[in-house]
Amino acid sequence: VVPELSLKSYEGTWYEVASQNLGVLSACSCSTYHFAMTSDRTFDDRFTCTKGGNPSGVEMTLKGRIPDLSEAAKMVESPVFSWMPSAPYWVVEVGKDYEYAVVYACVPVLGEYIYVFHRHPEAISKRMIDLNSIQSRLTTMGIDASQVKIVPHPASCQYPAHAASAAVIV
């Protein structure tokens, strides 16, 4: 995990540019997460994506906590569905300026999940990030990243207001 994660720098809107995600979310495009601290140890993570052509296809706010602030990169997030166990939310890599992040979760029975986030929705197509290098580094860590797929962000994406303002900043 990232040794000294700055939660202040990590906050904000992230575009999910690639992932090995839950099957129910695999048909999503235009995926965003808005990470906001709600106290020094808790956070909300608002997820939105377009599914089936509907810009409001999936919207949910996940609740998370940071059990040990000395290891801020090792978080726990509420389940997407009530029948699922809480999931680890481990930030295993960030860019120098927090322009990208890689999150890993291994949930017993359900498997491994990998999320590659960037502050710009077209980070992969504009070569702002090298997905193959990220996958290689994950493999070096003992994480199987072979199922990571690019999340589409076509020009037709309609993002929530918090995401639109973040895209202007980048």
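Values quoted throughout were computed directly from the atomic coordinates according to the rules given, and no laboratory measurement underlies them. In this text, all values refer to a predicted model and were calculated from it rather than measured experimentally. We place every Cβ from the backbone using ideal geometry, glycine too, and count neighbours over all the protein chains shown.
Some observations on this one:
- Fewest neighbouring Cβ atoms within 10 Å first, the residues Leu69, Leu25, Leu110, Leu5 line up as Leu69, Leu110, Leu25, Leu5.
- Across the stretch 13-19, coupling constants 3J(HN,Hα) worked out from phi with the 6.51/-1.76/1.60 Karplus curve, θ = phi - 60°, read 8, 10, 9, 7, 8, 7, 6 Hz, and Gly and Pro carry x.
- Projecting the Cα positions of Gln147, Met60, Cys49 onto the charge dipole of the chain (unit charges on Cβ atoms of Lys, Arg, Asp and Glu, taken about the Cα centre) puts Cys49 furthest along the positive direction.
- Footprinting exposure proxy ranking of Val94, Val102, Val1, fewest other C-beta atoms within 10 angstrom first, gives Val1, Val94, Val102.
- Lysines with Cα under 25 Å of Lys51, excluding same-chain neighbours fewer than 8 positions away: Lys63, Lys126, Lys149
- Furthest towards positive pole of dipole, Ala18, Met37, Pro160, structure part the stretch 7-169, Cβ charges: Pro160
- Cα point-scatterer Debye curve for the chain, base-10 log of I(q)/I(0) at q = 0.09, 0.14 Å⁻¹: -0.27, -0.69
- Ranked by how many other Cβ atoms sit within 10 Å of their own Cβ, fewest first, the residues Tyr104, Tyr98 fall in the order Tyr98, Tyr104.
- Counting only DSSP H runs of at least 4 residues, each contributing -39500 (n - 2.57), and dividing by the residue count of the chain, the helix-based mean residue ellipticity at 222 nm comes to -3500 deg cm²/dmol.
- Full extension of the segment from Val107 to Arg137, taken as 0.36 nm per residue of separation minus the current Cα-Cα distance, would add 8.7 nm.
- Under the criterion of Cα pairs below 8 Å and six or more residues apart, the relative contact order for the stretch 1-126 equals 26 percent.
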